[in-house]
Structure formats: C-alpha cells, structure tokens
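The values are calculated or read from the model by the stated rules, or taken from the named source; none is laboratory data. Everything numeric here is computed off the predicted structure, so don't read it as measured data. A quick note on method: Cβ atoms are made from the backbone with ideal geometry, for glycine too, and the neighbour counts reach across all protein chains shown. Please note that ligands, DNA and RNA were not included when accessible areas were found on the heavy atoms of the full protein model with its side chains. Shrake-Rupley method; radii C 1.70, N 1.55, O 1.52, S 1.80 Å.
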Amino acid sequence: MTATEESEDTETRYDFGGDEFVYVELSAAMSLPVHFRSLAITRRLGEEAIAGVEEICPSNASYMVRVDPDRLHPRDLVRELQRIESEVGDLSDDLTVATRIVDVPIMLNDPWTHEVLMKFRDRHQDPTGTDLDYGARINGYDSTEAFIDALAASPYLVTMMGFVPGLPWCFQLVPRERQVEVPKYVRPRTETPERAFGFGGAFAVIYPVKGAGGYQLFGSAPAPIFDGEQRLPDFAENDSVVFFKHGDVINYRRVDRDEYDDVRAQVDAGTWRYSYRELEFSPSRFLADPDGTNASMKEVLYG
Amino acid sequence: MGSHTITSRTPGVFYHRPSPDAEPYVTQGASVSEGDTVGLVEVMKTFHEVKADAAGTVSKILVENEDEVTIGQDLVELET
Amino acid sequence: MSVIVKDPGLETTVQDTGRLGYYSIGFPPSGALDSFAYHVGNALVGNEPGAAALEAVYLGPTLEFTQDTVIAVTGAEIPAFIDGEEIPIWESVAVSSGSVLSFGQLRAGARPYVAVAGGIDVPLYYGSRSTYTLVGIGGFEGRALRAGDELAIGSEARDPRAGRRVDPGDVPEHPATAEVHLLVGLHSYRLTPESLERFTGTDWKVTPDANRVGYRFRGAELEFVPREQPFGAGSDPANVTDCGYPVGSVQVPGGVEPIVLLQDAVTGGGYATLGTVVSVDRAKLAQTKTGDKVRFVPVDLDGALAVRQERLAALDRIRSALA
C-alpha cells in the first residue's frame, strides 16, 4: 500500500435515507483501508446490539443501518455511530476478522458470456472487441491473456452483499496500482447469463440469477451462489439460500472447460461442495504485506 | 348498425402489432369477433392483450402505434 | 378452505408486511406496496396484523371461494362484485361457498387489495409470505398468480365479521397529482443546485416502467456536477462507489428518468441517489399509475418523522375503531 492511499481524505459523511435508514459514507473512493475501517465499525455496532438498530448493511466504502425510528431516533443513532467510529479509530494492529477463504472455480473467456456479450456490442464502449479485450487494453495489459492472469492471480474480499440475493461484490486484495477498474456498459444489457462473472468499477461479481446487467462480462462460474430450494449441501447445512457472506475471501481459480463441466455435473447430481477454510484475517498484516498474506491464505486453502 | 368502442383496461403503451415486423392485429375494415385480439398494451414490462368485447367491423383505430394510453381510453371503434 | 383463481388479473401476488432482516444479503423487503390499504384490509376482516393478502395492479383478479368466509377490498378505487352484485370496498363482506369475486374497470388509484379472514396460507419463506418474483421465492410458488391456482386460506382469523366499515373520511383519495415527501440527501450533492430545484419543482409523469421493483418517471432533465470520478465508481458521472440503496431512494441513471426504488428493488448499486421517499409515502406512490403525476415535496428529518408519526397514528386509530 502506498502512503497516499493510507492517508487520503476520508471525512465521514452521515446522512439519512428517509426515516428508516442511516447512510454512512467513510469515503467517496474505494480503498482497502477504508473498507477495513467500515468493517471494524459495523462489527462493533453488531456486538453492541443497540435497541432500535434493525439491520446493519456493510458495503464497500460506506455502510447503511436500518433503524426503527419509533424506538431509536435516527439522530441519536448517528451519535452512537460517531462514538463507535472514534473508538475504533485508526486500525489497530491487533484487529482480526474471523472469516473463511473459499475456492471458487471460474472459467474466463467462456462460451456462454461470450455469446451474450457479442449480442450487445452496440451497448458497449468498444463494439469491435470483447469485454476482456477492452478490459485488458484500458488497464494497460499487453495481452488479454495477461489480463486474465491478473484477474485470477490474487484473492478478493467480499466487501458488500446485495443488489440481488447472494451476489458478492468482490474487491481484489492487491495494492491500488494493480487493481483493475473498468466502466459499466454504456447502456445496460437486457440479458446476463446465470452465474456470469462480471466486473464494473473496481468490483468483480457473480450474478446469482440471469437478468439485466451492466458489468463487463469476463467469465462464468460453474457452481451456484444462490440456491432458492437449498438443494445443495452447502446451502442446506447452513440453512441459507445464499453461500457467501460479507468479509469472505474468495480465490477465483481458473478452470478449463473439462473442469467446468465436471463441477456442473456435481451440481446436477446434488453433490457439489465449495472447498473453504476458516481463518483469522488481519487487515494490518495484509496492508503491510499484501502478497505474503495472500500466499499464506492460499496455503491455508490448498495446503 | 350501431357502434361500439373498445377501451383500454390498463394504462401503458399501445401496440398495433404483436412484434415490430408482424402484420397489425386489425386494420380498418377488418371484421372481428368477440374475444379477438385487437392490440397490445405494454405496462410493467408485460404485454396485455386488448380483446374485442363485441363483434363488428373496425371503423377506426383511435390511437397511434406506441401511443401512451390511460385506463378507459378509446382504442378501436367498431361498427356492430 | 381455499380461493381458486379464475382469472389472475395483470400481476396479482401474495403479500404481507415483508421479509425484513435480510437486506444485508440482498433480499429486498417485498411486502404490500400500499401498506395502509393492506393493514386496513386485515383489520376489516378481523385478522392479525401480519396476515397475507392479495395485491393486484390495474386489473383485479377473479376469485372463487370454496367456503363461507369474510373478505374486504381496499386500496384502489375499483368496482368489486360478488356473483355480479356490486359490493362496497373498504368494508368487510360475507361471501358464501362458491361465490365469485370479480372487478370492474379501475376508477382511481392503481392497486386493489383483497384481505380474506384467516389470511392467505402459503409457506413462510425467510419469515414472510410475500412474493418476490425476481428470484422466484415466497408467496404462491414464487410467482404472480395464474388461472387455476388454488390458494389455501388460514384458519386462524381472530374475529371475522362482516359489516365493519372504514369511516369515509379515512379512505385515501387519489388526487391527479400525488404528493410524496422526500428527504433530500445521500448523493444529492452530485446534482447541480438548479437540477435539485428542478427535481422538487417538477410534476413527474409515471412511465409504463412502474412496478413493484420501482417507478420510473419522465418530466425534466437533471445535470450532474462535473468531477473527476473517485476510484471504484466507474467513469459515468451518474455513478458513485457502489453502496447500499435505502428502500424508497431516488436515482437518476443518465440524468433523464429518475427511478424511485420500491419494495422489490435491488438493495445496492452504483447510481447516485438524491434522496429517499418517506416510508409511509410509498403507499401513496403505490396508488399512482402510468400516466399519473407525482410531485416530490422536500422535508428534513424532523419533517419526515412527523409525516411518519401522523400516518401511523391514523392507522392505529382506524384499527382501534374497527376492533
């Protein structure tokens, strides 16, 4: 991490989203230090279990709290949040977050998103190439293959859940100068395949269900991230229709068509399980040594 | 001979044809039976078929293709 | 004991107070858009407050009841009939086994609600019976009703009784231009001051793209303040670093057609939001239809809370009167 990234202007903004939400923006720009601070604040807020705090929604460089204004005046809530923010202060070295690192197979440059993205070239910044070609070019990569390597080289942190149920917003755990940033489509597509791996702004996502979408399409995940009927054991055993949680670390592992098909077959047979390991994530250790921390997390996952 | 006017039951965008390349459902002079589709109204991203609620001959189509219509608006006039 | 759907109408769904508590994993609340009409309907038929009811839009459904029961139609101003005989709305009505409820042409408003003594008995999904069609969960098979569906009716009505009636003075009106209160803020600084003034000064027309997910409006163009975009936001001036969207928040993709997010909306994203409609006023918005006009009246937090208290107090008073 560079010194400027650590010390950039992060004046926190508190505001009201109508009568039932308080919106807190730690910074207009996304960065890992900002996100870690938001993570520390929202975890602390959860532990304090303040009456009238109905729900805490962490997001990338901000968070939202749903409040019952009949029990807790939103202005009083803001005072509580300001207190917690000052108590959390700058990240202390001993802050760790209990999380897990998850192996997520992904096929980049896959035929399914390719077919869809070719249909919507008229809505794209660059109608002549593919989304991957475009991403590679504007991020300064010599080749699409080198860009694909970078996308899958380092793990991502789930910095926000939502848009639709179960969708993880993932921010790559690399210093700013290595982070990929791409615009969204000029006009959103009316179609996105289920389980598409997309990228917009500085965030990678997997679309849980098919639908409209504006993110650049880079690949497809063979395994579902949303299971409405809780058919697969990962979902049934956790009694949840979504797999990912805010704060998860995801390692997107490139797979070829054979392995993609193999995972699909396991999903169809109802036997698919994600491979993951629990671990303690230390933001300060990560910021001091991103690549070393990533390597040791992958070691925990793959042994 | 009387006349009857088919009105819209929903607000939305009125279409003469099932798809941009297709023939219109009805044109002036066409004869329709009760229950025949005479147009589409698109609202909330769904298409609702406008059905003739009487039989007759189309004497006038009162709205342009892709006009926004309101509930109760006159759409198609029939000679019955 | 059940209700058989003879004709589903345009998009009729099972709804209750909503699926609260899962916003942070991406579940919007769903639930009745016009919460006032929904709650009063349950009070009329003597249900517990959270019983599931039917929400229709523009076209009422045609429903057959397989047993004697008590129902109430609330919400939009629409002629309702039992076996062809017009029945009063905002009033509980006894229906007998084999009776058919049908609707005429909507006169005002947009969404009629049908409450049935005992409530619509579909399985709870994440704590709610509300339908969320986008991912196909909740309600009846996760979708809008179709002809031939048979919905079970719950047996636990607290105090079903025909003849309960809402005081005519308490029945909401559906004015030509609906006024909803807006707490300006969030990313309102992204719009030029002139554009913000234009937003609250315009009578916005409801487009055909207006459903449970959100309402899209037409009426004026809004401009963003030029800036160098912060890292993570993407290059479009309408974009911010992706964040949570409050239910009822207003966004302006491209600066042309503002969208108010409603109960089935996405829970977050990267569009700048200029403020949030006060929660109780979403009920008013729910009764506007394509072609109607809406005006956003700016309020501060105290104003928003006052509007809320007033509306909730009125609902409490009406419930007590019907008890």
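In chain A, excluding the sites themselves, the longest stretch lacking any of the GluC sites (Glu not before Pro) that are in a DSSP loop with at most 11 other Cβ atoms within 10 Å is A:12-228. Remark: spin-label model distance A:GLN266-C:GLU223 equals 5.6 nm, labels positioned 7 Å along the Cα→Cβ axis. The calculated P(r) of segment A:1-148, using every Cα pair and 10 Å bins from 0, goes 9, 28, 22, 23, 16, 2 in percent. Loop-located trypsin sites (Lys or Arg not before Pro) in segment C:200-268 (DSSP state other than H, G, I, E, B) with a sparse environment of at most 11 neighbouring Cβ atoms within 10 Å: C:ARG227. In this structure, B:LYS51 and A:ASP70 have a Cβ-Cβ separation that, at R0 = 45 Å, corresponds to a calculated FRET efficiency of about 0.40.
So what's the protein assembly as shown giving for Cα Rg divided by 2.2 N^0.38 Å, two decimals? Can you show the working numbers first?
Values: Rg = 26.7 Å, N = 706, 2.2 N^0.38 = 26.6 Å.
Scaled against compact globular proteins, the figure is 1.00.
For chain B, what does the relative contact order come out to in percent, with C-alpha contacts under 8 Å and a separation of six or more?
Working: 198 pairs, mean separation 34.6, N = 80.
Across chain B, relative contact order equals 43 percent.
For chain B, the convex hull drawn through the C-alpha positions has a volume of 76 cubic angstrom per residue.
Could you please put C:THR177, A:THR271 in sequence from largest to smallest accessible area, using a 1.4 Å probe?
Numbers: C:THR177 50, A:THR271 85 Å².
Result, largest first: A:THR271, C:THR177.
Legend: mean number of C-beta atoms from other chains within 10 angstrom of residue C-beta atoms, peptide C:7-20, equals 1.
Simple point charges give the picture: +1 on the Cβ of Lys and Arg, -1 on the Cβ of Asp and Glu, and for the protein assembly as shown a dipole about the Cα centre of about 440 debye. Among C:270-276, C:2-8, the peptide with the highest mean count of other Cβ atoms within 10 Å heads the list, and the full ranking is C:270-276, C:2-8.
Which shape class applies to segment C:4-61: rounded if a/c is under 1.5, otherwise prolate when a/b exceeds b/c and oblate if not, where a ≥ b ≥ c are the square roots of the Cα gyration tensor eigenvalues? Oblate, since a/c reaches 1.5 and b/c is not below a/b.
Amide H contacts under 5 Å for C:GLY275: C:GLY185, C:HIS187, C:VAL250, restricted to partners 5 or more places along the chain or on a different chain, H placed in the peptide plane at 1.01 Å from N. Close amide H pairs (under 5 Å, H built 1.01 Å from N) link A:TRP272 with A:VAL267, residues at least 5 positions away or on another chain.
Counting, for every residue in C:293-306, the Cβ atoms of other protein chains within 10 Å of its Cβ and taking the mean gives 2. Kirkwood-type hydrodynamic radius, chain A: 20.4 Å, calculated from all non-identical alpha-carbon pairs.
So which GluC sites (Glu not before Pro) in segment B:36-80 end up in coil per DSSP with only 14 or fewer other C-beta atoms within 10 Å?
Details: sites: B:GLU42, B:GLU49, B:GLU64, B:GLU66, B:GLU68, B:GLU77, B:GLU79; in loops: B:GLU64, B:GLU66.
Qualifying residues, ordered by number: B:GLU64, B:GLU66.
May I ask you to work out the translational diffusion coefficient for segment A:164-280 at 25 °C, viscosity 0.890 mPa s, via Stokes-Einstein with Rh from the Kirkwood sum over Cα pairs, reported in whole µm²/s? Answer, rounded: 160 µm²/s.
Ellipsoid fit via the Cα gyration tensor, chain C: semi-axes of 37, 20, 17 Å, each the root of five times an eigenvalue, largest first.
Note down the net charge around C:ILE318, summing +1 for each Lys or Arg and -1 for each Asp or Glu among other residues with Cβ under 12 Å from its Cβ.
Details: positive: C:ARG164, C:ARG165, C:ARG311, C:ARG317, C:ARG319; negative: C:ASP167, C:ASP170, C:ASP316.
Net local charge, C:ILE318 excluded: +2.
Remark: mean inter-chain Cβ contacts per residue of C:135-145 equal 2, using a 10 Å Cβ-Cβ cutoff to other protein chain atoms.
How would segment A:3-88 be classified by its alpha-carbon gyration tensor: rounded, prolate or oblate, with rounded meaning a/c under 1.5 and the a/b versus b/c comparison settling the rest?
Because a/c hits 1.5 or more and a/b exceeds b/c, segment A:3-88 counts as prolate.
Structural descriptor for segment A:90-167: relative contact order 15 percent, calculated from alpha carbon pairs under 8 angstrom and at least 6 residues apart. With 10 Å bins beginning at zero, the pair-distance distribution over Cα atoms of segment C:86-125 amounts to 18, 51, 26, 4 %. Looking at the square roots a ≥ b ≥ c of the eigenvalues of the Cα gyration tensor of segment A:104-236, which shape do they give, rounded for a/c under 1.5, prolate if a/b is larger than b/c, or oblate? Oblate is the answer for segment A:104-236, as a/c is 1.5 or above yet b/c matches or exceeds a/b. Farthest toward the positive end of the dipole of segment C:1-100, out of C:ALA32, C:VAL57, C:THR69, is the Cα of C:ALA32, where the dipole comes from beta carbon charges about the Cα centre.
Accessible area lost on pairing B with C, both sides, 1.4 Å probe, Å² to nearest 100?
Numbers: alone 4890 and 13800 Å², together 17300 Å².
About 1400 Å² of accessible surface is lost on pairing.
Once the gyration tensor of the Cα atoms in segment C:2-172 is diagonalised, the equivalent ellipsoid follows with semi-axes of 23, 17, 16 Å, ordered largest first.
Count neighbours as other Cβ atoms within 10 Å of each site's Cβ, and list the trypsin sites (Lys or Arg not before Pro) in segment A:268-300 that are DSSP loop with at most 14 such neighbours.
Working: sites: A:ARG273, A:ARG277, A:ARG285, A:LYS298; in loops: A:ARG273.
Passing both the DSSP loop test and the Cβ count: A:ARG273.
Based on protein heavy atoms only, the protein assembly as shown ends up with 38 Å² per residue of surface accessible to a 1.4 Å probe. Positive end of the dipole of segment C:132-238 (Cβ unit charges, origin at the Cα centre): among C:THR133, C:HIS181, C:THR192, the Cα lying farthest that way belongs to C:THR133.
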